[in-house]
Amino acid sequence: MAGTTEPLRIAPVTLTGRFVRLEPLTLDHVDALAKIAVDPTLWTWFTTRLNERAALVAYVSDALAAQRDGSALPFVTVLVATGEVIGSTRFMNISARDGRLEIGSTWLAPRHQRTVANTEAKYLMLRHAFETLGATRVELKTHALNVKSRTAIERLGTQFEGIHRKHMLQPDGSRRDTAWYSILDDEWPAVKTRLESMLR
């Protein structure tokens, strides 16, 4: 379906791999996510803080509202082996007409960061975006100073597109510069091969 001119048809879906399963996010997941979100180190680079339950409820509610209007598709990340909820991610800033979406709002329990869990979750989302939805372009972005996140994004085989200066407001009132990356439909076969090799 790569390169299709048809609008993206977004609908809740469960994406299952060997190590992680991405399930549609609901308010029923708040308690499990709250156990992870209490760690303040998760929010160093985020434009929001979710280490209080009320903030997490609002975050999930906003994600579900965006899902209803077609601009997002949020997930919880679950370990296949244990059923443990270890984080959240989503398709966001969806432009169905343009065949464009972003993978973002990704956060994982610290012990699962830089592990196969994140790599496989990205693989499942990219495969769904390009092979099922028919996306033309998938975007990823992060704080320009977040070296850990930028390294993880670059490991996927993305193309760096530049820095948007003073792009987003941080909770402390500072302005963040944002680093932008993308993968295009005609780049996906090579990226897919790379990721499958990494997952082996």
Q.
Considering only protein heavy atoms and a probe of 1.4 Å, how much of the accessible area of the chain is carbon and sulfur, as a whole percent?
A. 50 percent
(Q) Before I look further, what does segment 4-161 give for accessible area per residue, probe 1.4 Å, in whole square angstrom? (A) 46 Å²
Q: Treat each spin label as a single point 7 Å out from the Cα along the C-beta direction, and report the Asn51 to His164 distance in nm.
A: 2.7 nm
Q.
I need the calculated FRET efficiency for the pair Val147 and Ala34, taking r as the beta carbon distance and R₀ as 25 Å, to the nearest 0.05.
A. 0.35
Q) Under 5 Å between amide H atoms, partner at least 5 residues away or on a different chain: which partners does Gly17 have, H built in plane at 1.01 Å? A) Leu22
**Q.** Using θ = phi - 60° and Karplus 6.51 cos²θ - 1.76 cosθ + 1.60, couplings along segment 104-119 (whole Hz; Gly, Pro as x)
**A.** x, 6, 8, 8, 10, 3, x, 5, 9, 6, 6, 10, 4, 4, 5, 4
Q.
Given Cβ point charges of +1 (Lys, Arg) and -1 (Asp, Glu) and nothing else, what value in debye, to the nearest 20, does the dipole of the chain about its Cα centre take?
A. 420 debye
Q | Value of relative contact order over segment 77-118, rounded to a whole percent, pairs C-alpha under 8 Å and six or more apart | A | 32 percent
Q) Which of the aspartates and glutamates could a cross-linker bridge to Lys148, judged by Cα under 16 Å and excluding same-chain residues fewer than eight apart? A) Asp177
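The values are calculated or read from the model by the stated rules, or taken from the named source; none is laboratory data. If you're wondering where the values come from, they're calculated on a predicted model, not measured in any experiment. Glycine gets a Cβ as well: all are built from the backbone with ideal geometry, and neighbour counts include every protein chain shown. Just so you know, the surface numbers come from the protein's heavy atoms only, side chains and all, with ligands and any DNA or RNA stripped out. Shrake-Rupley method; radii C 1.70, N 1.55, O 1.52, S 1.80 Å.
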